[in-house]
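The values are calculated or read from the model by the stated rules, or taken from the named source; none is laboratory data. Not measured: the values here are computed from a predicted model. With ideal geometry, Cβ positions are generated from the backbone for all residues, glycine too; neighbour counts draw on all protein chains shown.
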Amino acid sequence: MRYLLDRPVRTAQELSWQLSGCQSPHDLKRAALELLIGIFQADYCGLNDINLSRSANPFRLEIYPSHPAVTSMAVELGLQVAAESLTDHPIINHYATPGSPPRPVRLSDLIGDLELRRTRAYEKALRPIGARWELALMTRRGVAEAAEATAFALTRSSSDFTDEGLVTAEAVQPVLVAISASMRARSVGPPASGWDGLDGALTEREVEVLQLVAAGLTAQSIARALRITRRTVEKHLEHVYAKLGVHDRLSAVNYCTRVGLLT
């Protein structure tokens, strides 16, 4: 019995170890998609990104293995999101509902089979890849909730995800939150003009640590995610505070968000 209880935790640890060797955001994303398919025995794994500030492309979707329908799926959901703020996809609506928990969720827990098949989301986004069952793991939700969010979505055609799979998803989710924040930190472009007033530019690792702080991780969680010690995390933050002329995490995050360094 103890083995069954500990297995989700060990799965999350193994995922963290395997992702720790990825050097670029592209490699990190691709590895995460592949590994999640293996962990959950899924047909497809997608990374969904909603941002209503991107008026031309509010919904981005990347699927592994690749599928020719992915472009039309993203366009369809993007049109719905842009026009209605919500699609009729039950999982997107669930996460966009104010106060809804960010825990992993199965499609079958939100809607029955007959009702699902009547939705446009099923017809245009799920059916093209043969998806009947879905499990989603949110990695980020903006303050406006429906306006900005990212999540990994796993799909199957033959059978639903089990209760044990849902427990594993809850154990794995913090790792995905950390690597999602890391991908955004590594993808940050040149800083905004407000950056010029700093005494010294932040290093790539300092930005990465600060991005994880912005995602809500503790120093200990950041240390695990980056494979460094907690003391090293604290030293990075001390250097950040000194360069920014602030004295706490919130001020540092707010400043870097305001000048465009953090998303």
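For the reader, a short list of remarks on this structure follows.
- Count of residues meeting criterion [among the basic types (K, R), surrounded by fewer than 17 Cβ atoms within 10 Å (Cβ to Cβ) and in contact (Cβ under 8 Å) with a residue 12 or more places away in the chain] in the range 101-118: 1
- In summary, S100 fulfils each of the numbered conditions (1) modelled with pLDDT of 85 or more; (2) touching a Leu at 6+ places or on another chain (Cβ under 6 Å) with the single exception of condition (2).
- Count of the range 228-254 residues which are touching a residue at least 40 places away in the same chain (Cβ under 8 Å) and not charged (D, E, K, R): 5
- Odd one out for P98 among (1) exposed (fewer than 15 other Cβ atoms within 10 Å of the Cβ); (2) more than 21 Å from the chain's Cα centre (by Cα): (2)
- Scanning the range 200-225 for residues being in contact (Cβ under 8 Å) with a residue 40 or more places away in the chain and either in contact with an Asp or Glu (Cβ under 9 Å, 6 or more places away or on another chain) or closer than 28 Å to A151 by Cα (or both) gives a total of 11.
- Members of the range 126-144 that are touching a helix residue (DSSP H, G or I) at 6+ places or on another chain (Cβ under 7 Å) and either surrounded by fewer than 17 Cβ atoms within 10 Å (Cβ to Cβ) or β-branched (V, I, T) (or both): P128, T139
- Test: residue in the range 145-157 that is more than 21 Å from the chain's Cα centre (by Cα), surrounded by fewer than 20 Cβ atoms within 10 Å (Cβ to Cβ), closer than 24 Å to L35 by Cβ and of a type in the set (S, T, Y): yes
- Single residue of the range 210-245 satisfying the filter (in a loop (DSSP other than H, G, I, E, B), closer than 24 Å to G142 by Cα and among the aliphatic types (A, V, I, L, M)) that is nearest to the chain's Cα centre (by Cα): A215
- Set S180, S157, S187: member being within 20 Å of I222 (Cα to Cα), at pLDDT 65 or above and small (G, A, S): S180
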